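Trainee: Got a structure for you, questions after.
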Amino acid sequence: MEHLKSGAARLELPLTSKQLRQFHIYYQELVSWNEQINLTSITGFRDVQIKHFLDSLTIIKAFKQPDGKQLRVIDIGTGAGFPGLPVKIALPDIALVLLEATAKKAVFLRHLIAALELEDVDIVAGRAEDIAHQEQYRQKFDLVLSRAVAPLATLAELALPLCAVGGRLIAQKKGAIDRETARAGRAINLLGGGQPEIKRIELAELGGERCLVIIEKIAPSPQKYPRRPGMPAKRPIV
Ligand code: SAH
């Protein structure tokens, strides 16, 4: 696990041998289940360490300083657990919800949580458009995370209603982000988000052009959002 270990150290997130063992189990379960269900196209040992594990950990760079209370975190469209689960391994004290629309992937995640012996992780099989209207989840999270799920205008509608006022949405993005951010301005504003802040991630092995888009939740989201399943993607608020 040298690639992960050294990269994480450079991110100032040193991993213990227990954490490295958990990542190793994660790798084994991922490639093994990937033979039955489509979880990832990245399966090489080095590639998974860098492009999934290390890449996921970079999102911690946009977390707020802990204030003593347990952080409530949700990862929207987590797929095989990215970025939420590497974050949970690195920061075991958080309370994490992994939200995933595909039932089979949720089955994998439940198996994985047991194999990794993690506590305070809930796997929710469903769509953000529905979950965000449930009292239990609506505006309840300090941090809403997401990687590779939707363009920012769509993501703002899916994610900001889950975020508590005072919390923040952190989206992992690649490549030129300025146009996407500008296009999402109206949705972010309508959903109660503040001005997006872009944080560049510089880690040699990840290549350039990675960034985190950080949006503070400054006002409650109007009750009508998100619209019904599919609408935020089909007709983004622009
Ligand atoms: N975040 C993971 C997976 C990205 S693929 C990663 O970076 O590797 C996008 C995932 O989001 C898919 O697994 C898809 O099922 C899920 N997804 C897409 N739209 C969703 C929605 N509206 N609610 C919940 N999950 C969604």
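The values are calculated or read from the model by the stated rules, or taken from the named source; none is laboratory data. Worth saying up front: this structure is predicted, and the values here are computed from it rather than measured. Glycine also receives a Cβ, built like all others from the backbone with ideal geometry; neighbour counts cover every protein chain displayed. Ligands, DNA and RNA are stripped out before the accessible areas are found, and what is left, the full protein with its side chains, is counted by its heavy atoms. Shrake-Rupley method; radii C 1.70, N 1.55, O 1.52, S 1.80 Å.
Trainee: Please report, in cubic angstrom per residue, the volume enclosed by the convex hull of the alpha-carbon atoms of region 2-234.
Mentor: Expressed per residue, the convex hull around the Cα atoms of region 2-234 is 118 Å³.
Trainee: Also: How tilted is helix 17-33 with respect to the longest principal axis of the chain? Cα atoms for both, answer in degrees (0 to 90, nearest 10).
Mentor: 80 degrees
Trainee: Keeping all protein chains in place, calculate the accessible area per residue for region 2-234 (probe 1.4 angstrom), answer in Å².
Mentor: Working: 10840 Å² over 233 residues.
With all protein chains present, region 2-234 gives 47 Å² per residue.
Trainee: On a 0 to 90 degree scale, rounded to 10, what angle separates helix 103-116 from the longest Cα axis of the chain?
Mentor: 50 degrees
Trainee: In nm, give the distance between the simple-model label positions of Glu197 and Lys5, each being 7 Å from the Cα along the Cα-to-Cβ direction.
Mentor: Distance between label points: 3.4 nm.
Trainee: Right, another one. At a 1.4 Å probe radius, carbon and sulfur cover how many percent of the accessible area of region 1-95?
Mentor: Its accessible area is 50 percent carbon and sulfur atoms.
Trainee: Identify which of Leu11, Leu162, Leu145 has the largest mean-square fluctuation in a Gaussian network model of the chain, with springs joining Cα atoms closer than 10 Å.
Mentor: Most flexible of the set in this elastic network: Leu11.
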